[in-house]
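This report refers to the structure that appears directly beneath it.
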Amino acid sequence: MAKRAKLEIIKDILEIVKTNHNSIKPTPLLRKSNISSSRFKEYFNDLMRKQFIEEKIHKKDKLISLTEKGYKFLEKYKTIINFIDEFELQD
Amino acid sequence: MAMHLAGRAIQGGLGKGLGKLAVPGFGAEILYSFIIIACSLMIYFGTKELYELSSHKGIKYFRLAFLFFAFAYFSRSFIKFIITSFDIKIISDISPRALGAVFGTITIFIFMYFSAMAIFYLLYSVMWKKWKSKTIYNFHALALIMASATVILRTPLIYLAINLILLFFVTLTYYISRKQSHKKNSLHIIYILLFIFWTINILDILIPNFFQSVQLFIYLASSGVFLAILYKVLKKTGSN
């Protein structure tokens, strides 16, 4: 299987959160993301920093959910990929 | 004999007429600059959201290329404005001479730096993954050297050599990169035309009257290339 590009991994993580009713614990998110825990940590911090996801505490549980910017990324993902491909900007 | 002379007279008249038609006035210069600057800024701002969401380096350098094109064309139209207003051939001829030389040198330097960086950013946007991240600093240094050489060595032959070497390097690098990627679209034709017309535009500023008889055609073709890129950008970003 070909190595996933960075943008594709971000899209996959955000999709997992979205399909889980926009509320998922970090451990199942790591498992479903299909990447190593060190890489997951990098992506997770990156997504938090870019404000694509946010952490909420619900009954002592830490839950991850998408922000408006996260939804916007998913909405524009195909446009971004098509643009990169059209202008040969490489990913 | 009379017929022959009349034919030659008509031909001469037509030639002169066509020559005049091909030399644009200052109004056409302003319109041309406006089209290119507007296209460049629309590309820059039209891709803002895609970059903010993706933080993609290729998109970043692509946007910067067009921002630098806008800066370069702005300084180009400024040079043209000065040349027309003072009725001189080159910008350093402004009176008083000493002031003109300093003013002209700075303006040409800025124009050359932005011009070279615009082309380098565009090339870097397609090559950034293959090249080291520090390559862009080398390009800044190269652009500064080119701008310095342009203002120090005031010889048309040097201008021609510098810009033809740049054109050859950029086109060859881009061609090799494309050959490896095996992609098939019209982008390579548009980019190579952009490189060619960009070089012609630089030479048009540096060497007065070099392309005067075909200036209008150059302006139309250059505008067409920028409009084609803008169309592709708007189509892909979904902007209306």
Inset, instruction - Please report the relative contact order for the range B:26-237, taking Cα pairs under 8 Å with a sequence separation of at least 6, and give it as a percent rounded to a whole number. - result: 25
Inset, instruction - Going by C-beta contacts inside 10 Å, put A:ILE81, B:ILE36 in order with the fewest on the left. - result: A:ILE81, B:ILE36
Inset, instruction - With a ≥ b ≥ c taken as the square roots of the eigenvalues of the C-alpha gyration tensor of the range B:99-219, please select rounded if a/c is under 1.5 and otherwise prolate if a/b is larger than b/c or oblate if it is not? - result: oblate
Inset, instruction - Apply the Kirkwood formula to the protein assembly as shown: the hydrodynamic radius equals the inverse of the mean of 1/r over all pairs of different alpha-carbon atoms; give it in Å with one decimal. - result: 23.0
Inset, instruction - Return a whole-number percent for the relative contact order of chain A, with Cα pairs under 8 Å and 6 or more residues apart as the contact set. - result: 31
Legend entry - Cα centroid separation, the range B:160-198 to the range A:15-91 (Å): 37
Legend entry - Per-residue Cβ neighbour rank within 10 angstrom, fewest leading, B:ARG178, B:ARG63, A:ARG49, A:ARG31: A:ARG49, A:ARG31, B:ARG178, B:ARG63
Inset, instruction - Rounded to the nearest 10 degrees, what's the angle between the helix A:37-49 long axis and the longest principal axis of chain A, both from Cα atoms, 0 to 90? - result: 90
Legend entry - Likely footprinting exposure, A:GLU88, A:GLU54, fewest C-beta neighbours within 10 Å first: A:GLU54, A:GLU88
Inset, instruction - Springs between alpha-carbon atoms under 10 Å, Gaussian network over chain A: tell me which of A:ILE13, A:ILE57, A:ILE24 tops the mean-square fluctuations. - result: A:ILE57
Legend entry - B:SER133-A:SER23 pseudo-label distance in nm [points 7 Å out on the Cα-to-Cβ vector]: 3.9
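All of the numbers you see were taken from the coordinates with simple rules; none came from a lab. Values in this document were obtained by computation on a predicted structure and should not be read as measured data. Reconstructed Cβ throughout: ideal geometry from the backbone, glycine too, with neighbour counts over all protein chains shown.
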